[in-house]
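Asker: What follows is a structure written as structure tokens; I'll ask about it next.
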Amino acid sequence: MTGDAMFRADLIVTNAKVLTMDAGCPRAEAVAIRGGRVQAVGTTGGIAALAGPDTRVIDAGGRTVLPGFVESHLHLVLGGAELTQLQLGGLHGPENLKAAFAGYAAANPDAPLLMAQGAEYGILDHPVTRADLDAVIADRPLAMMAPDHHTVWANTAALEAAGLLHGAAMPHGHEVVMGEDGLATGELREFEAFGPVLALGGEAHLQLGIATGGEPDPWPDAAQREADKQKIAAGLAHCAAHGITSMVNMDGNRYTLTLLSEMEAEGRLTARVKVPFHFKPHMELSELDRAEAMARDFASDMVCSGFVKMFMDGVIDSRTACMLNDYPGRPGHRAEPLFAPDRFQQICTEIDRRGLQIAVHAIGDGAVRVTIDGYEAAALANGLRDARHRIEHIELIDRADVPRLGALGITASVQPPHPPGVMDFPMEPTMSVGFAPERRRDAYLWKTLKDHGAPVAFASDWPVTDVSVMRGLQSAMTRQPYDARCADERLGLMESLHAYTAGGAWAAHWEGLTGRLAPGLAGDLVMIDGDVEAIAPEDLGATGIALTMCGGRVTYQGFGP
């Protein structure tokens, strides 16, 4: 090392337990950052030689330092917007529901829509109807979203204002549930169905990417863009407080990329964000020109695109996840894939031919199989390349399909907080609705998939679940088999940390930029408020984040000066 001033570090984190996730130097005591990049990783004494009079030195006090967390699947804009909405997580019963909405309504007298998040499917002891919500508040539009963001329940006022009370024609897989009286029951399944209700709150343009694949028209003016950027900023700050420095944002469109790029230019972007083009079943293949343009026009270290997102099915609780076998207690009902298999294979082949990555939401084993078949068809047509196509969620998979992910290089993008009973999702009604006892052994098979060669990336799917990586890590480390027929599907601590760092970076084609602490890579790091290897698994979720840094810039600090 040289003492020349031109090589002095901008910032040094010292006296740390550094887990670099870099095989060439897996452990260290200190990290030096210069020009937004990792300058050196080494011993406390060795790195001290890089300090100059202007170097900021942070004493970690023995805390664990890791590469900044890579959140492989979240919804940044939606999550940021929802931070100010009513939160119903863990709430049950009509009286509690009424009290929660009454307080929220009083605090928001001018809100055009009283919108709540986190309403469990079992929030009442029976399926929720508009009559139930009319009993809560009848004279103002009111709605509440399920935690999975695939179902909304609305009162009569909201249904009337949205033009849905008498039903509406919907694309395949989206449904305004109708009652025997010929009127909507209040249950709205999937984006197209509940989009008109969400639009009452003035945020429909933020949902366009994930809902339709479209763009705002007219294009929002500077004032609207600033209001939207403030929502993004709130989401970014929330993520930074949990150690997140890079994220794959699973909603969005060109408008989202424009907002993020403006924030980057303004110095307000505190994490790296990747945004997809959403391809919908009604689209022609020529629409992929838009995806290519997004990949070409947004390609900085902080804001990029380059992948196409699709939904193959819905979710288990509403029985819209596509299954290979009938749902328990519902003979003949398996749900259909949102893309016809032959058509999906054509789409995958064309996306792959264009050199773009593919990410597909597939929860049921039927949807997972159709997705794998599509990726296999693309590989046969174009040749197997380093595409790193992904399947998001994989809550149920047929055993015959398990080795196919590794063979085709498909990433298992999975969420430790999602298995029922592990974190915030209750066991019921999900397990009874979707998993016959003999199929529970095939649910949430992360270790099995990894053991068969599939790369694994971890995430939260925020705001579907808490974005806290530490709580997610606890979930990953404490999950127990559902019964004696189920194997232990936990990955080890280092494997789980890898899935939240280097594994997520690799899955996003970011391994040359972030995910490891190695010279030349981005100065993205997180400091855990403790020694992660010494903390009991059941205490990981209560462990705070002491410091978050993205590109050498401190984006969150939870301790000392």
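Asker: Of the conditions (1) surrounded by fewer than 22 Cβ atoms within 10 Å (Cβ to Cβ); (2) basic (Lys, Arg); (3) within 29 Å of residue 311 (Cβ to Cβ), residue 140 satisfies every one except a single condition; which number is it?
Answerer: (3)
Asker: Further question on the same structure: Please state which one of 216, 196, 141 is more than 30 Å from residue 102 (Cβ to Cβ) and not β-branched (Val, Ile, Thr).
Answerer: So the residue among 216, 196, 141 that is more than 30 Å from residue 102 (Cβ to Cβ) and not β-branched (Val, Ile, Thr) is 216.
Asker: Do any strands (runs of 3 or more DSSP E) entirely within the range 26-127 hold 3 or more residues that are under 27 Å from the mean Cα position of the chain (by Cα) and surrounded by 21 or more Cβ atoms within 10 Å (Cβ to Cβ), and if so, which?
Answerer: Counting at least 3 such residues, we get 64-67, 69-74, 114-117.
Asker: Determine the pairs where a residue that is small (Gly, Ala, Ser), located within the range 419-438, has a partner that is outside any loop (DSSP other than H, G, I, E, B) with Cβ atoms under 7 Å apart, the partner being 6 or more residues away or on another chain.
Answerer: 434/327
Asker: Please specify each residue of the range 160-190 satisfying the condition of being part of a strand (DSSP E or B), more than 19 Å from residue 321 (Cα to Cα) and free of Cβ contacts under 8 Å to residues at least 24 places away in the same chain.
Answerer: If the condition is that a residue be part of a strand (DSSP E or B), more than 19 Å from residue 321 (Cα to Cα) and free of Cβ contacts under 8 Å to residues at least 24 places away in the same chain, then 178 is the only one that fits.
Asker: Can you pull out the helices (runs of 4 or more DSSP H) entirely within the range 392-455 that have at least 1 residues that are among the charged types (D, E, K, R)?
Answerer: Because the criterion is at least 1 residues that are among the charged types (D, E, K, R), the helices (runs of 4 or more DSSP H) in the range 392-455 that meet it are 402-408, 446-451.
Asker: Failed condition for residue 306, given (1) at positive phi; (2) in contact with a Cys (Cβ under 9 Å, 6 or more places away or on another chain), with all others met?
Answerer: (2)
Asker: Which ones in the range 476-492 are more than 18 Å from residue 439 (Cα to Cα), surrounded by fewer than 19 Cβ atoms within 10 Å (Cβ to Cβ) and not small (Gly, Ala, Ser)?
Answerer: The one that is more than 18 Å from residue 439 (Cα to Cα), surrounded by fewer than 19 Cβ atoms within 10 Å (Cβ to Cβ) and not small (Gly, Ala, Ser): 478.
Asker: Filter the range 224-272 for residues that are acidic (Asp, Glu) and under 13 Å from residue 462 (Cβ atoms) and give the result.
Answerer: 251
Asker: Does the range 146-159 include one or more residues that are out of contact with any Pro (no Cβ under 7 Å at 6 or more places or on another chain), without any contact (Cβ under 8 Å) to a residue 24 or more places away in the chain and not assigned by TED's automatic domain parsing to the domain that holds residue 310?
Answerer: No: zero hits.
Asker: With the condition kept exactly as written, say whether any residue in the range 237-256 is part of a loop (DSSP other than H, G, I, E, B), surrounded by fewer than 17 Cβ atoms within 10 Å (Cβ to Cβ), at pLDDT 95 or above and not small (Gly, Ala, Ser).
Answerer: Looking through the range 237-256, none of the residues is part of a loop (DSSP other than H, G, I, E, B), surrounded by fewer than 17 Cβ atoms within 10 Å (Cβ to Cβ), at pLDDT 95 or above and not small (Gly, Ala, Ser).
Each row is one residue, and each column tells you yes or no for (1) within 28 Å of residue 409 (Cα to Cα); (2) surrounded by 24 or more Cβ atoms within 10 Å (Cβ to Cβ); (3) free of Cβ contacts under 8 Å to residues at least 24 places away in the same chain.
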site	(1), (2), (3)
453	yes, no, no
458	yes, yes, no
471	no, no, no
474	yes, yes, no
494	yes, no, no
500	yes, yes, no
536	no, no, yes
543	no, no, no
548	no, yes, no
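The values are calculated or read from the model by the stated rules, or taken from the named source; none is laboratory data. These figures come from a predicted structure and were not determined experimentally. Here the Cβ is made from the backbone with ideal geometry for all residues, glycine too, and neighbour counts use every protein chain on show.
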